[in-house]
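Trainee: This is the structure I want to talk about, given as structure tokens.
The values are calculated or read from the model by the stated rules, or taken from the named source; none is laboratory data. Everything quoted here is computed from the prediction, not taken from an experiment. So basically every Cβ, Gly included, is an ideal-geometry build from the backbone, and we count neighbours across all protein chains shown. Note: accessible area is taken over every heavy atom of the protein model, side chains too, but ligands, DNA and RNA are not part of it. Shrake-Rupley method; radii C 1.70, N 1.55, O 1.52, S 1.80 Å.
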Amino acid sequence: MRVVRGSLVFGVASVLALAWGCGGDDDPAGTGAASSGNPPGTSGTGAPDDAGPTVPPAASCAAAGGGATVTAPALLRKLADDGNEGWLASPAIADLDGDGKNEIVAVRGGRVLAWRSDGTRVFSFDTTKGRIWASPIVGNFTGDGKLEIAVAARDSAYLIDAAGALVDGFPKVWADETRSIAAGDVDGDGALDIVVGARSGRGDAADIVSAYHANGTAVAGFPPVATSSAGCTPGPCYFAGLYDQNLAIGDLDGDGKHDVVAPHDNAYASFFKGTGAVFDANPMFAKRPKTAGVRYLHDLELAKQGYANDEAASNQAHFTNTPPAIADIDKDGTFEVVMVGSVQNASQDDRKRGVALWVVGSDASRRPGWETPFHVPAYVMGLGDGFNPELEGEAVPNAGNLVGLTNQVTIADIDAKKAGLEMIFAGFDGKIHAVAADKTELWSTAYAENGRALTGGVVVADLSADGSPEIVFATYSPDADAGALWVLSAAGELLHKIALPGRGSMAVPTVGDVDGDGTLDVVVSLKDASPSKENVLVFQVPGSKTNCVLWSTGRANNLRNAWVR
């Protein structure tokens, strides 16, 4: 049942003409000095300040001659676009034309823009579709030695060359609205394919994903229902729309073809093989032969039978806003599917039950120790678009075109003493959570317990070259100048918080070496269209190196496949 996200019309004019100041929140003069230390009354673990210092985690990367002190990111440059607002799309850093120098790619409104590291414009490509929701893909699709850019805008997928020209065979018109896009070698032919997901579709007969070659032709087996590849007879397959970057791509079964993970706008998730066939479910799930028929009830025994005995009391997932990931979190040689979903009761009349972290196999079976998901039940804000007064209890000024919390999960090794990989995500409780592979919570750090800010997700990189990575994220808020760029330590301690202009940024930041000087930069695409049209910010991080960038951008990498290898 579709209850939130997607009802927001993009024609709402809510652009704020606000003062531009990139100083820290304790820096009224706008000098760029950032705040440091923990929020009042808490440590990185959420413990009282008198609980003592947090023990630093063991470094998980090779050090590059740095120290433990992380220098605050400093504003280096503002990039001018064409005066459009931003959505959920992270920027990309890549050498588009192969000249040895990186470009910055960002999408604003319905346009794809590229800049050189010095801020000069390379091109601006207009899809004319009003908005691009998901992050641009950058990869070598055509094999010409240069990179291409793929985006999804409303009902169409586009492939653009390094000079900003449309590639022959595109656009591909399919379904409205395509808010999910990722790339991988779906058919195993050695070339990248473009996979898109649509918010329309419901039931066995509805296609929610499609895939294209670089020449615009469909990949064999896609779309799966229309080509009879899904194999949902016998079913059932409870397909439903993909509302928010709900794709991950990786080789789940080791056959050399990349598979597609797609959690739905319901309590189900589909895992498609590279042939378009839906993965078989574990036999434990009665009368549910396909993964797309397995209902994600928290209680495993109820999930096995496929229904709740007490729908008012039983918890289940709702994956509307769930960008998934693929990773071998326990390092046993087998990839897992990792998802954060919102939690509601099975009767769907109590939706404010927080979020839950799921770890399952390609057959939807739950990994040992993860028979039930990791549940964060507290709820402050985030389920509804536009800080929805129906859900949050009050009308919020200036909240037009602000979307609800994206339930992204970031996966990285942030503590070498803990076995496996860690999973980092934002809850509906105004906190960032870090959970180990054994399902223990390492820490949680408050960033908006007052419910006045949200985040699109986090990136992970070593910002001081000491081998211990930091967690970086941006926030957005209906309150003027309340959004910020945050830097946490691997232990969850607040290191820096730098104010962002306007309503902040809904997009996950991107970390990389923009200008080739050997140090890291952070690129932030702002929500609002400012009067100056300088809506993409580049921050430099003095003292950093490129030794340890573990999750560099929204959906992990420039292919946006969220596959950790």
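Trainee: Just need a number here: residues in the stretch 122-147 that are acidic (Asp, Glu) and either modelled with pLDDT under 95 or surrounded by 24 or more Cβ atoms within 10 Å (Cβ to Cβ) (or both). Even if it seems obvious, please write down each step before you answer.
Mentor: Filtering the stretch 122-147 down to residues acidic (Asp, Glu) leaves 126, 144.
Remaining after also requiring either modelled with pLDDT under 95 or surrounded by 24 or more Cβ atoms within 10 Å (Cβ to Cβ) (or both): 144.
Qualifying residue count for the region: 1.
Trainee: Only one residue in Ala226, Ala230, Ala205, Ala214 is touching a strand residue (DSSP E or B) at 6+ places or on another chain (Cβ under 9 Å), open to solvent by 50 Å² or more (accessible area, probe 1.4 Å), assigned to a loop (DSSP other than H, G, I, E, B) and not charged (D, E, K, R). Which one?
Mentor: Working: Ala230 fails: open to solvent by 50 Å² or more (accessible area, probe 1.4 Å); Ala205 fails: touching a strand residue (DSSP E or B) at 6+ places or on another chain (Cβ under 9 Å); Ala214 fails: open to solvent by 50 Å² or more (accessible area, probe 1.4 Å).
Result: Ala226 is the single residue among Ala226, Ala230, Ala205, Ala214 that is touching a strand residue (DSSP E or B) at 6+ places or on another chain (Cβ under 9 Å), open to solvent by 50 Å² or more (accessible area, probe 1.4 Å), assigned to a loop (DSSP other than H, G, I, E, B) and not charged (D, E, K, R).
Trainee: Residues to consider are Ala211, Ala226; find the one that is within 27 Å of Asp328 (Cβ to Cβ) and small (Gly, Ala, Ser). Before the answer, list the steps.
Mentor: Details: Ala226 fails: within 27 Å of Asp328 (Cβ to Cβ).
Exactly one residue qualifies, and that residue is Ala211.
Trainee: So which of Ser314, Ser342 ends up being over 26 Å from Thr233 (Cβ atoms), modelled with pLDDT of 95 or more and touching a Gly at 6+ places or on another chain (Cβ under 9 Å)? Reasoning before the result, please.
Mentor: Working: Ser314 fails: touching a Gly at 6+ places or on another chain (Cβ under 9 Å).
On inspection, the qualifying residue turns out to be Ser342.
Trainee: I would also like to ask the following. Of the numbered conditions (1) assigned to a loop (DSSP other than H, G, I, E, B); (2) modelled with pLDDT of 50 or more; (3) surrounded by 14 or more Cβ atoms within 10 Å (Cβ to Cβ), Gly67 satisfies every one except a single condition; which is it?
Mentor: (3)
Trainee: A follow-up question, please. Please find, within the stretch 188-202, the residue that is most open to solvent (accessible area, probe 1.4 Å) out of those that are closer than 27 Å to Gly235 by Cβ and in a strand (DSSP E or B). Reasoning before the result, please.
Mentor: To start, the set of residues in the stretch 188-202 that are closer than 27 Å to Gly235 by Cβ comprises 188, 193, 195-202.
Checking the rest, the ones that are also in a strand (DSSP E or B) come to 193, 195-198, 202.
Details: Asp193: 1, Val195: 0, Val196: 3, Gly197: 0, Ala198: 0, Arg202: 130 Å².
Filtering first and then ranking leaves Arg202.
Trainee: Would a scan of the stretch 90-109 turn up a residue that is within 19 Å of Ala163 (Cβ to Cβ), of a type in the set (Val, Ile, Thr) and without any contact (Cβ under 8 Å) to a residue 12 or more places away in the chain?
Mentor: For the stretch 90-109, residues within 19 Å of Ala163 (Cβ to Cβ), of a type in the set (Val, Ile, Thr) and without any contact (Cβ under 8 Å) to a residue 12 or more places away in the chain: absent.
Trainee: Sticking with this structure for a sec: For the stretch 428-475, how many residues meet the condition of being within 20 Å of Trp358 (Cα to Cα) and of a type in the set (Gly, Ala, Ser)?
Mentor: Adding up the residues that qualify gives 7.
Trainee: Checking the condition under 22 Å from Val338 (Cβ atoms) and either open to solvent by less than 10 Å² (accessible area, probe 1.4 Å) or at pLDDT below 95 (or both), which residue from Gly274, Gly235, Gly306 passes? Walk me through how you get there before you give the answer.
Mentor: Values: Gly235 fails: under 22 Å from Val338 (Cβ atoms); Gly306 fails: under 22 Å from Val338 (Cβ atoms).
Matching residue, one of Gly274, Gly235, Gly306: Gly274.
Trainee: Identify all residues within the stretch 523-544 that are crowded, with 21+ Cβ neighbours inside 10 Å, closer than 19 Å to Leu488 by Cβ and touching a Ser or Thr at 6+ places or on another chain (Cβ under 9 Å); write none if there are none.
Mentor: Selection gives Val523, Val524, Val541, Ser544.
Trainee: List the residue pairs whose Cβ atoms are under 8 Å apart, where the first residue sits in the stretch 544-561 and is without any contact (Cβ under 8 Å) to a residue 12 or more places away in the chain and within 19 Å of Asp515 (Cα to Cα), the second is aliphatic (A, V, I, L, M) and surrounded by 22 or more Cβ atoms within 10 Å (Cβ to Cβ), and the two are 6 or more positions apart or on different chains.
Mentor: Short answer, once both residue conditions are applied: none.
Trainee: What tally of residues in the stretch 348-392 results from selecting those that are within 20 Å of the chain's Cα centre (by Cα), part of a loop (DSSP other than H, G, I, E, B) and modelled with pLDDT of 95 or more? Full working, then the answer.
Mentor: Within the stretch 348-392, the subset within 20 Å of the chain's Cα centre (by Cα) is 354-360, 373-376, 381-387.
When the remaining residues are screened for being part of a loop (DSSP other than H, G, I, E, B), the result is 354, 373, 381-384.
From what is left, the residues that are modelled with pLDDT of 95 or more are 354, 373.
Total meeting the criteria: 2.
Trainee: Quick one: which of Asp155, Asp185, Asp168 is open to solvent by 50 Å² or more (accessible area, probe 1.4 Å) and not hydroxyl-bearing (Ser, Thr, Tyr)? Working first, answer last.
Mentor: Working: Asp155 fails: open to solvent by 50 Å² or more (accessible area, probe 1.4 Å); Asp185 fails: open to solvent by 50 Å² or more (accessible area, probe 1.4 Å).
One residue alone meets the criteria, Asp168.
Trainee: If you don't mind, there's one more thing I want to ask. Filter the stretch 98-118 down to residues that are assigned to a loop (DSSP other than H, G, I, E, B) and surrounded by 16 or more Cβ atoms within 10 Å (Cβ to Cβ), then give me how many there are.
Mentor: 4
Trainee: Regarding the stretch 474-497, can at least one residue be identified that is touching an Asp or Glu at 6+ places or on another chain (Cβ under 8 Å), among the basic types (Lys, Arg) and part of a loop (DSSP other than H, G, I, E, B)?
Mentor: No, because not a single residue in the stretch 474-497 is touching an Asp or Glu at 6+ places or on another chain (Cβ under 8 Å), among the basic types (Lys, Arg) and part of a loop (DSSP other than H, G, I, E, B).
Trainee: Please indicate, with yes or no, whether at least one residue in the stretch 262-269 is in contact with a Pro (Cβ under 7 Å, 6 or more places away or on another chain), closer than 23 Å to Ser210 by Cβ and in a strand (DSSP E or B). Reasoning before the result, please.
Mentor: Start the filter on the stretch 262-269 by keeping residues that are in contact with a Pro (Cβ under 7 Å, 6 or more places away or on another chain), which leaves 263, 269.
Now narrow it down to the ones that are closer than 23 Å to Ser210 by Cβ: 263, 269.
Adding the requirement that they be in a strand (DSSP E or B) leaves 263, 269.
Scanning the stretch 262-269, I find at least one residue that is in contact with a Pro (Cβ under 7 Å, 6 or more places away or on another chain), closer than 23 Å to Ser210 by Cβ and in a strand (DSSP E or B), so the answer is yes.
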